[in-house]
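Structure, as C-alpha cells:
The values are calculated or read from the model by the stated rules, or taken from the named source; none is laboratory data. Computed from a prediction, not measured in an experiment: that's the story for all the values here. For neighbour counting, all protein chains shown are included, and Cβ atoms are generated from backbone atoms with ideal geometry for every residue, glycine included. Surface accessibility is based on the protein's heavy atoms, side chains included, excluding ligands, DNA and RNA. Shrake-Rupley method; radii C 1.70, N 1.55, O 1.52, S 1.80 Å.
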Amino acid sequence: MSHNSFGHLFRVTTFGESHGPAIGCVVDGCPPGLELSEADIQPYLDQRRPGQSRHTTQRQEADQVRILSGVFEGQTTGTPIGLLIENTDQRSKDYSDIKDKFRPGHADYTYIEKYGIRDYRGGGRSSARETAMRVAAGGVARKVLGTGIEIRGALVRMGEKSINPSNWDWDEVAQNPFFCPDATAAAAFEKYLDGIRKDGSSVGGIVEVQAAGVPAGWGAPIYGKLDADLAQAMMSINAVKGVEIGAGMDAAELTGEENADEMRMAGNGPTFLSNNAGGILGGISSGQDVIVRFAVKPTSSILSPRQTVDRDGNETEIFTKGRHDPCVGIRAVPVGEAMMACVLADHLLRHRAQCGS
C-alpha cells in the first residue's frame, strides 16, 4: 500500500492498524538540536485519547508514546524520529459478525475493490486510530515551529447546534469535553449528544483550527500553496468531507467590497481590517491568523439496522456493535491541530531552504 506519507521537508510516514499490536510513525526532516522527549508529545495525545467521557468511544487506550530513534540526550539528532504506541484494548470479536458485510459509509467495499483483502477488525488501516500518530507527529512539528506560533482548535458546530461566535472564549475549550469555545453552546452540545448516543446514532460536526504568529511569506504561489496543502492535510483526516479557508464558502455570498481585506499602516508594516482570506493570499501567508475549518461526517458505525450487501453479493442488513464515537468531530480537534502544525513546520523548512532564515 502506497501513500502513507505526507509532507516534503518535514515528512511523516505512519503505519499500523486499529487492532494490530501497535501503531507508529517515522518523522523525517526534523532539524537537529531541538529538545524533545515523550513528555513534549504526550499532552496532545491525551487530548485525543479515547474513553475520557461518555461522549466518545469507550475503548480504553493509554496512548503512551515511545521515542524509538532520532533523539539523543534529550535532543533531536537530525535523523528519522521513530514513534510507537502500543494497542492495548482491542476487541476484535465485536467485528466477527460483520466481517463479510460491507458497512455503509465505511471503506469496506472500496478496500475490497482496490486490494482484494481487508482487515475487518475496526476498519484496519482506514480506522481513525491511525490519527493518534498524526497527533504524535504534530507534537514534534510544534517543536520545529517554536513558541512564537500558537495553534488552537475548537468544535464550532455539532449537527444542528452551533456556537455563537460572539461568545468565543479560548479558555472555555479546556473546560468542557467538546473543545467548545462557547459555554452556552457546550451545554447545548451535551444535552443534544446524550440524545443521539442513547438512540445508538451519531452526528457530524465542524472543527475550526487557528494558527497565530505565522509570519508573512510561507507558501508558494502555484503548486505549493499553503492553503492547498492545508486543505489536503485536513481532507486526509478520517470522515472529513469538506474544508474551507477563512470566509470559505460564505465568500461566494460577499461582494468584492465586503470580501476585500483592506489594509492600513500600523507601525512599520501594514495591518488588515478583516481576515476573509484566512491569513493566506495567493497561496502565501499574510502574517494574519491562519484559519481553517473542516466538516466531519457522522460516525458510520451506528446501532440502527442499515441495508447493505455482503461479499457474495447477497442483500442483507447490518448494525454495528462495538465502541464508537457518537460525534467523531470531538476527537478530530487535536488531529486538526496536529495537521496544521505538520503543514506549517513543512512550510517553515521549505521557506528557509529557498529564501533563508
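Based on what the data block shows, is Gly82 open to solvent by less than 70 Å² (accessible area, probe 1.4 Å) and in a loop (DSSP other than H, G, I, E, B)?
For Gly82, the condition - open to solvent by less than 70 Å² (accessible area, probe 1.4 Å) and in a loop (DSSP other than H, G, I, E, B) - is not met.
Can you name the number of the only condition in (1) open to solvent by 50 Å² or more (accessible area, probe 1.4 Å); (2) modelled with pLDDT under 95 that Lys241 fails?
Against the list (1) open to solvent by 50 Å² or more (accessible area, probe 1.4 Å); (2) modelled with pLDDT under 95, Lys241 comes up short only on (2).
For segment 151-159, state whether one or more residues are modelled with pLDDT of 90 or more, open to solvent by 10 Å² or more (accessible area, probe 1.4 Å) and hydrophobic (A, V, I, L, M, F, W, C).
Yes, that holds for at least one residue.
So, in segment 24-53, of the ones that are of a type in the set (Asp, Glu) and over 24 Å from Thr88 (Cα atoms), which residue ends up most open to solvent (accessible area, probe 1.4 Å)?
Glu35
Please identify the pairs in which a residue from segment 247-271 that is closer than 17 Å to Asp289 by Cβ and touching a residue at least 12 places away in the same chain (Cβ under 8 Å) has its Cβ atom under 7 Å from the Cβ atom of a residue that is surrounded by 12 or more Cβ atoms within 10 Å (Cβ to Cβ) and of a type in the set (Lys, Arg), counting only partners at least 6 apart or on another chain.
Listed pairs, sorted by first residue: Gly248/Arg293.
Pick from segment 160-174 the residues that are of a type in the set (A, V, I, L, M, F, W, C) and either crowded, with 17+ Cβ neighbours inside 10 Å or in contact with a helix residue (DSSP H, G or I) (Cβ under 8 Å, 6 or more places away or on another chain) (or both): which of them is nearest to Tyr44 (Cα to Cα)? Let's see the steps before the verdict.
So the first thing to find is which residues in segment 160-174 are of a type in the set (A, V, I, L, M, F, W, C), and the list is 163, 168, 170, 173-174.
Filter once more, keeping what is either crowded, with 17+ Cβ neighbours inside 10 Å or in contact with a helix residue (DSSP H, G or I) (Cβ under 8 Å, 6 or more places away or on another chain) (or both): 163, 173.
Numbers: Ile163: 24, Val173: 14 Å.
Only one residue fits best here, namely Val173.
Glu317 versus (1) modelled with pLDDT under 95; (2) part of a loop (DSSP other than H, G, I, E, B): which is the lone unmet condition?
(2)
May I ask you to say which residue of Ala295, Ala277, Ala345 is open to solvent by less than 40 Å² (accessible area, probe 1.4 Å), modelled with pLDDT of 95 or more, outside any loop (DSSP other than H, G, I, E, B) and in contact with a helix residue (DSSP H, G or I) (Cβ under 9 Å, 6 or more places away or on another chain)?
Ala345
How many residues are closer than 14 Å to Ile330 by Cα, of a type outside the set (A, V, I, L, M, F, W, C) and surrounded by fewer than 24 Cβ atoms within 10 Å (Cβ to Cβ) if we restrict to segment 175-193?
5
Evaluate segment 251-269: report whether one residue or more is surrounded by fewer than 16 Cβ atoms within 10 Å (Cβ to Cβ), within 30 Å of Ile196 (Cβ to Cβ) and touching a helix residue (DSSP H, G or I) at 6+ places or on another chain (Cβ under 6 Å).
No, segment 251-269 contains no residue that is surrounded by fewer than 16 Cβ atoms within 10 Å (Cβ to Cβ), within 30 Å of Ile196 (Cβ to Cβ) and touching a helix residue (DSSP H, G or I) at 6+ places or on another chain (Cβ under 6 Å).
When you go through (1) touching a residue at least 60 places away in the same chain (Cβ under 8 Å); (2) open to solvent by less than 50 Å² (accessible area, probe 1.4 Å) one by one for Pro21, which number turns out not to apply?
(2)
Would you point out which residue out of Gly139, Gly224 is assigned to a helix (DSSP H, G or I), open to solvent by less than 20 Å² (accessible area, probe 1.4 Å) and either small (Gly, Ala, Ser) or touching a Phe, Trp or Tyr at 6+ places or on another chain (Cβ under 9 Å) (or both)?
Only one candidate passes the filter, namely Gly139.
This table checks each residue for (1) among the aliphatic types (A, V, I, L, M); (2) in contact with a Leu (Cβ under 6 Å, 6 or more places away or on another chain); (3) within 26 Å of Leu349 (Cβ to Cβ); (4) without any contact (Cβ under 8 Å) to a residue 40 or more places away in the chain.
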| site | (1), (2), (3), (4) |
| --- | --- |
| Arg152 | no, no, yes, no |
| Arg157 | no, no, no, no |
| Asp171 | no, no, no, yes |
| Ala174 | yes, no, no, yes |
| Phe179 | no, yes, no, no |
| Ala188 | yes, no, no, yes |
| Leu193 | yes, no, no, no |
| Ser202 | no, no, no, no |
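State all residues of segment 298-342 that are at positive phi and open to solvent by less than 40 Å² (accessible area, probe 1.4 Å); if no residue qualifies, say none. Walk me through how you get there before you give the answer.
So in segment 298-342, the residues at positive phi come out as 313, 322.
The one that is at positive phi and open to solvent by less than 40 Å² (accessible area, probe 1.4 Å): Gly322.
Of a type in the set (S, T, N, Q), under 21 Å from the mean Cα position of the chain (by Cα) and open to solvent by less than 70 Å² (accessible area, probe 1.4 Å): which single residue out of Ser286, Ser236 fits that description?
Residue meeting the stated conditions: Ser236.
Could you run through segment 197-214 and say how many residues are modelled with pLDDT under 95 and either touching a helix residue (DSSP H, G or I) at 6+ places or on another chain (Cβ under 9 Å) or small (Gly, Ala, Ser) (or both)?
The initial filter retains those residues of segment 197-214 that are modelled with pLDDT under 95, namely 197-202.
Subsequent filtering for residues that are either touching a helix residue (DSSP H, G or I) at 6+ places or on another chain (Cβ under 9 Å) or small (Gly, Ala, Ser) (or both) retains 200-202.
Number satisfying all stated conditions: 3.
Within segment 9-18, which residues are part of a loop (DSSP other than H, G, I, E, B), among the hydrophobic types (A, V, I, L, M, F, W, C) and surrounded by fewer than 21 Cβ atoms within 10 Å (Cβ to Cβ)?
If the condition is that a residue be part of a loop (DSSP other than H, G, I, E, B), among the hydrophobic types (A, V, I, L, M, F, W, C) and surrounded by fewer than 21 Cβ atoms within 10 Å (Cβ to Cβ), then Leu9 is the only one that fits.
Tell me yes or no: at least one residue of segment 178-196 is among the hydroxyl-bearing types (Ser, Thr, Tyr), farther than 30 Å from Ile284 by Cα and at pLDDT below 95.
No.
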